[in-house]
Amino acid sequence: MELPLASAMVMIPLAGALICGLFPGEKSPWIGMAASLLTFFCAGVLAYALWTGGPMTESLGGWGAPLGIELYVDGLAAILIVMTSLVGVATSLYSVGYFKGHYRGFYWSLWLVVWAAINGVFLSSDLFNIYVCLEVMGLGSVALIALAGPHALRAAMRYLLVTLCGSFFYLLGVALLYSRWGVLDLQILSTMVEPSLSADVALGVMILGLALKTALLPLHFWLPSAHANAPAPVSAVLSGLVVKASFVVILRLWHGVFGTLDKDDLVVVLAILGAIAIVWGSVQAVRQTRIKMLVAYSTIAQLGYLFLAMLPASREGGEAAWHGIGYFALSHGCAKGAMFLAAGAIAVSLGQDTFDEMRGRGLKLALPIIAFTLGGISLIGLPPSGGYIAKWLLLTGASATGMVWVAAVIQLGGLLAAAYVFKVVVYAFISPGEEREVESVGPIPWTMTAAALALAVAPIALGLIAIFPLELLDIGLPFGLGLPEGVEP
Amino acid sequence: MNPTFWLPLAVVLSSMVPGLLIFILREDQVRARTALNLGGAFLKLGLIAVMLFGVYRGQVYETRFEVMPGFDLVLEATALPMFFVVLSGVLWLITTIYAIGYLDLDHAWRRSRFFGFFSVCVSATTAIALAGNLFSFVIFYELLTLATYPLVVHSGTDEAMRAGKIYLAYTLTGGAILMVAVVWLHAIVGPFDFQEGGVLMDYDEEYGWLFVPIFLMLLTGLGVKAAIVPLHSWLPTAMVAPAPVSALLHAVAVVKAGAYGIIRVVYDVFGIHYVDQLGMGHVLVAVATVTIIYGSLKALAQENLKQRLAFSTVSQVSYIMLGVGLIGPIASIGGIVHLVHQGLMKITLFFCAGNIAETLGLKNISDLNGIGRRLPLTMAAFTIASLGMIGVPPLAGFVTKWYLGMGALEVGQPWVIVVLMISGALNAAYFLPIVYAAYFKEAVKPWPRDVREGRLETRPTLVWTTVSTALLVVMAGVFAAAPLSPVAWIEIVLARIYP
């Protein structure tokens, strides 16, 4: 019997959210935790099923495309689903300690809904379904940001406008495509769409909307305040997962629906913006005086890599960079999640997260700083880490296509990342001196430390066992590579 | 269980696992820490001895895991890696003993952190030695950068933090350039292992024009750690680290990792004959010559003893590049064997500097008048190592210079001998005044501090480790012709490259 694994990835968190909504009191953390673990387990089973059985299609209620809703699992979806559940479980564990008393019921319901929506984006195989999931994800995120309290309201409002605006552009493209070809299913559309004006316009507005949601420079303006002011576990989800979801939609459109269009100019524009984002975002990160702001700007820079790498990837010989992009998204999700969780733990302990407060207290904050460092190693791209493997693949693509400037920007971004990561790490080593009492450090709930450390191990592990995720990534050929003549994916 | 598969991994883990265990010890668990440190060091030496015996009989040990499709993490024990592995194993044991005494004396804080990173650092060095391809080499090379940083900034003072920043800026930039070069090479050739005689010759017709820039990038990336001028500035700054760290940095770990990397690239990636064909041998010789002279001149101008030793390292490590770049069997012996000889001499000198600073509180050269009577064994060791550096027979440094000089004559570049003579004269100019002042000038008492334990001049661990490395300097020179001496081992290695 076929298990409905793909729908379970959406249904389990959704059911968890519902039950948490019914019991918003003391019990909600335990319900939320149980739903998280169950989702995590199912993600593992899903990846295993893909590994052994190849790509899967699931029709909800037995109605297939073009009428019903279809879920499609390939390698790209699977590794991102696994990443989401890794970050998700860690975030849930962290939240048990982080949300003590206040907002508990709201938080767990909202967070599980957002989780379900993220999984939905990764798995959906039709344009409208993706729209619905993106919208649920966006609105849920707005509410989660607002949970931080009055000071986060501005950022939450701004994020609300941005996410609605992005969805609007995306929906515009969907409408264009639907009016021209009358289908919404990705696979069917990819065989029908031909180069034409409406296809070009649809591509343009959809990429615009999604780039806004993915915070590609210069559409990044909303990200730092939203990600830095949200509660720490929410920041981890926003920076690690939510922005990846909209990027994956770009990848799906790129290789699927718009696979036949000429995108040579567009990719150059995206790559240049990505390159500027890497340098500008990193420099801004180095200049920050608060840890969470630093990590937020680093997200802008890291997202730049995803766009920059599309240039060598779409040239002949540089296909390795597609794998690099997938692996980059994977390891950045885990690393960034760990870094935000660690930054949140430091903030909880000190009462705020400025570097000034940390001076002389590094020893007391050793565990969060270790978690931050491990995530940072992956961001810098030092081995052994997933970030290193990803950069190896990106550089392979860049050098195979002779794009020296791409390689230079990739490595420069790594060095700038070292500058801002070590800005935090040094506090573990500075001698305490006498000016401050070391004892004045608040306790950190153990679940928070444990979650941050556990998640921080993931990007390091990704550097040692890259063979499994990379082979998994190839299943179903999400990047349309290596297809023999005339064979359908 | 297949020992030929697991042994190289075991050698690396024998220092890594104790290191990780030490991290979780409390500060006051001194015995457990010492037991882990020494247990690991002796276990490592034992495993190395087994492996050395096997390699001598022609056995090849290889650990191999696939990390990325096509790319394996390889630890492979053949003759050349064993040369570096033995050096790191022996000197780690000695330095650990030294460090235990040293940290007890003055720097008794965060010792668990110190020894933890110390062990990780040595594990990374061993893994660099054993790395069987460039992919693995780069991984461990970067790991070494990370593991060394906490040791450089150990004291946590502003000066140390600044040195750490400079250290990272140089080494990470070097690492970034190295990575681009390595990836580029793999994009052209595909995954490959180190191979005696090199692998790139076959691709010459199609890609020959690309190999020159790639070689220069590799040289830059590795040259940062090997401290070739003008990429050397981090090394003198990093001497704010505790003495055992400086000793390890200068003798085994960081600078040697760079020099060893250059050796591997020249012999096992490009192939010595192909390097010659590309004309890169001349580049190596030119860079080495400039570095040797410049380092010595700068050393002469230093007033702080450890600074002077640091610039002396800059100069001496380039002997290795010089020997490799001359491209001839005899010069190569001189170059590669200096990997060990320089390590023995420099570690002795840094131990001495540490003894002087910890026992008497003296750091500047002008304060060293008359300390020969107060620290007889330390200064005897210092004298031996200095004479070795200058190249006085029958010490280790002489053997190096002999082979380098003969090698230069063999390949028809007699001017190199002039360089060696100038360098020797400069070495004498910056080492001998210290020796003279220590023995023949009046002491200016009282010294800032005076530590004495029992009848010895200072802590026994500090004295005996220093004396033993000095003895190794003598033995490496006197028994250079004996079987299993460093020179003899290198002859085995090179016999297959220069038939």
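What follows is calculated from the coordinates using simple rules that are stated; it is not laboratory data. What you see is a predicted model; the values in this text were computed from it and never measured. Virtual Cβ from ideal backbone geometry, glycine too; neighbours counted across all protein chains shown.
Quick notes on this one:
- The count of lysine pairs in chain A with alpha-carbon distances below 20 Å, taking only pairs 8 or more places apart or on different chains, stands at 13.
- The range A:177-212 versus the range B:79-95: alpha-carbon centroid distance in Å: 63
- Relative contact order of the range B:212-342, defined on C-alpha pairs under 8 angstrom at six or more residues apart (%): 28
- Gained length - B:Ile417 relative to B:Asn304, 0.36 nm times residue gap less alpha-carbon distance: 37.7 nm
- Cut-off of 10 Å, at most 11 other beta carbons, DSSP loop: longest stretch of chain A lacking such GluC sites (Glu not before Pro): A:27-315
- Sparse-neighbourhood loop sites, chymotrypsin sites (Phe, Trp or Tyr not before Pro) in the range B:260-308 - DSSP loop, at most 11 other Cβ within 10 angstrom: none
- As a length-normalised measure over Cα pairs under 8 Å and 6 or more apart, the relative contact order of chain A settles at 17 percent.
- Grouping the Cα pair distances of the range B:311-419 into 5 Å bins from zero gives a pair-distance distribution of 2, 13, 21, 20, 14, 10, 8, 7, 4, 1 percent in increasing distance order.
- The range B:433-487: projected area of the alpha-carbon convex hull, averaged over directions, in nm²: 6.2
- Translational diffusion of the range A:349-414, µm² s⁻¹ [Kirkwood Rh, Cα pairs; Stokes-Einstein; 10 °C; 1.306 mPa s]: 114
- In chain A, the longest principal axis of the Cα atoms and the axis of helix A:320-350 are about 30 degrees apart.
- Quotient of Cα Rg and 2.2 N^0.38 Å for the range B:184-323, N being how many residues it contains: 1.14
- For the range A:187-312, the Cα-based Rg and Dmax, in that order, read 15.7, 52 Å.
- Angle in degrees between helix B:329-360 and the longest Cα principal axis of chain B, rounded to the nearest 10: 30
- Of every Cα-Cα pair in the range A:115-248, the percent that sits beyond 18 Å: 53
- Computed from Cα positions, the angle between helix B:30-56 and the longest principal axis of chain B comes to roughly 40 degrees.
- Evaluated over the Cα positions of the range B:341-499, the convex hull gives a direction-averaged projected area, one quarter of its surface, of 10.6 nm².
- Take every pair of alpha-carbon atoms less than 8 Å apart whose residues are at least six positions apart; their mean separation over the length of chain B yields a relative contact order of 14 percent.
- Pairs of alpha carbons in the range A:19-117 whose separation is greater than 19 Å (percent): 51
- Between the range B:329-408 and the range B:1-68, the C-alpha centres lie 29 angstrom from each other.
- In the frame of its principal axes, the range A:287-344 has Cα extents of 43, 22, 9 Å, reported largest first.
- Fraction of C-alpha pairs exceeding 29 angstrom in the range B:106-259: 23 percent, rounded to a whole number.
- Peptide A:310-317 has a mean shielding of 0, counted as Cβ atoms of other protein chains within 10 Å of each residue's Cβ.
- Chain B: translational diffusion in µm²/s, Stokes-Einstein, Kirkwood Rh over Cα pairs, 25 °C, 0.890 mPa s: 109
- Computed over chain A, the ratio Rg/Rh where both radii use C-alpha atoms and Rh is Kirkwood: 0.96
- Reach of B:Lys445 by Cα under 23 Å, taken over lysines that are not fewer than 8 positions away in the same chain: B:Lys306, B:Lys363
- Approximate spin-label separation B:Glu196-A:Arg359, in nm, with each point projected 7 Å along Cα-to-Cβ: 5.9
- Cβ-derived FRET efficiency at R0 45 Å, B:Ala495 paired with A:Phe468, nearest 0.05: 0.60
- Taking the number of Cβ atoms within 10 Å of each Cβ as an exposure proxy, the fewest-first ranking of B:Trp415, B:Trp447 is B:Trp415, B:Trp447.
- Shape annotation for the protein assembly as shown: C-alpha extents along the principal axes are 96, 67, 50 Å, from largest to smallest.
- Euclidean distance of C-alpha centroids, the range A:1-78 and the range B:149-192, integer Å: 43
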